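Worksheet: the structure to be examined is printed underneath.
The values are calculated or read from the model by the stated rules, or taken from the named source; none is laboratory data. Everything numeric in this text was worked out from a predicted model, so none of it was measured. Neighbour counts run over all protein chains shown; Cβ positions are idealised from the backbone, glycine included.
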Amino acid sequence: MRILLAEDDEALSARIATALRAENFAVDVAGNGEDAAHLGETEAYDVAVLDLGLPLLDGIGVLQSWRAAQRSLPVLILTAREGWSEKVRGFKAGADDYLVKPFRMEELVMRLRALVRRAAGHASSLVVCGPLVMDAQTGQFECDGMPLRLTALEWRVLSCLMLRREAIIERLELFDRVYEGGTEVESNSIEVIVGRLRRKIGATMIETVRGRGYRLTASCGKS
C-alpha cells in the first residue's frame, strides 16, 4: 500500500514516515500544498495523510483540488486545529477522517488501515480468500491457520491483491502501489515478488492473466 504524506513539519513528517514504513507502507512525502496537490492528482495512492496548515496551498485547498479532479483516494486530515468548525470544513471538502495533534502513531496506523479497507469495500477487518486470511486492522496474514512471514514488498503486493481478491490488477498498478516515488527498481521486480509469494501461499492462488496482470483466487492448496 502506498501513502501520500503531506506535512510541512519536517521532524514530524520524518517520524510519521518512519513509523508507516515500519508497518510496510510505501510513503511519499510532500512538504507543501502545491506538491501535495500535484502528487495526489498524478500518482496512485491508497490513502493520503493531509495537514491543514501547509504552505503555498493549505490542506483544504489541496483536498478541494483532488475532489474537483475526481480523485477519490481516502484522505485523513492531520492537524493541530481541533475546533468543530475546522472539522466541518474538512469533511465538507471531502475528508474521510480527522486526527488532531498530538496523537499516538498506533492510532494513525489503525485509522489508515481502516480507511483503505473500507475504500476497498470490506466491512469486516478480516479478509478471507481460500486458506488465506488477512487481518486488515493489524496487517497480519495467515495461510492454512499459520502466520505468514512476509517482506515489506511481499506484504504490499499481497495486500493489494487480497483487498481486491478475484479481480484482475494490472501489473503497472501493482508497481505504482508497491514502490515509493523515485525508487529505481528492476523491470521484472513485480514478477519476482509474485514468484516468492507463490512459494509461500501456493502456486495456484495467484493467477497470471496474460497481457494484463495478476488475480488472487480462492484456489486452495500449496503445490
- Return a yes/no flag: does region 157-173 have any residue that is within 16 Å of the chain's Cα centre (by Cα), loosely packed, with under 14 Cβ neighbours inside 10 Å and closer than 19 Å to V27 by Cα. yes
- Note on the structure: Of the residues in region 7-28, those that are outside any helix (DSSP H, G or I) and either more than 12 Å from M105 (Cα to Cα) or touching a His at 6+ places or on another chain (Cβ under 6 Å) (or both) come to E7, D8, D9, N24, F25, A26, V27, D28
- Count of residues meeting criterion [under 22 Å from K101 (Cα atoms) and in contact with a Ser or Thr (Cβ under 8 Å, 6 or more places away or on another chain)] in region 38-69: 5
- Task: Could you list, in sequence order, all residues of region 29-38 that are more than 21 Å from V109 (Cα to Cα) and surrounded by fewer than 23 Cβ atoms within 10 Å (Cβ to Cβ)?
- Result: N32, E34, D35, H38
- Task: Considering every residue within region 67-76, establish whether at least one is in contact with a helix residue (DSSP H, G or I) (Cβ under 8 Å, 6 or more places away or on another chain), assigned by TED's automatic domain parsing to the domain that holds L99 and in a helix (DSSP H, G or I).
- Result: yes
- Item | Only one of D176, D144 that is farther than 25 Å from G40 by Cβ and not assigned by TED's automatic domain parsing to the domain that holds D46 | D144
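Yes/no matrix, rows are residues, columns are (1) more than 12 Å from V49 (Cα to Cα); (2) crowded, with 16+ Cβ neighbours inside 10 Å; (3) free of Cβ contacts under 8 Å to residues at least 40 places away in the same chain; (4) under 16 Å from the mean Cα position of the chain (by Cα):
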| site | (1), (2), (3), (4) |
| --- | --- |
| S65 | yes, yes, yes, no |
| A80 | yes, no, yes, no |
| F91 | yes, no, yes, no |
| P102 | yes, no, yes, no |
| A114 | yes, yes, yes, yes |
| R117 | yes, yes, no, yes |
| G130 | yes, yes, no, no |
| V133 | yes, yes, yes, no |
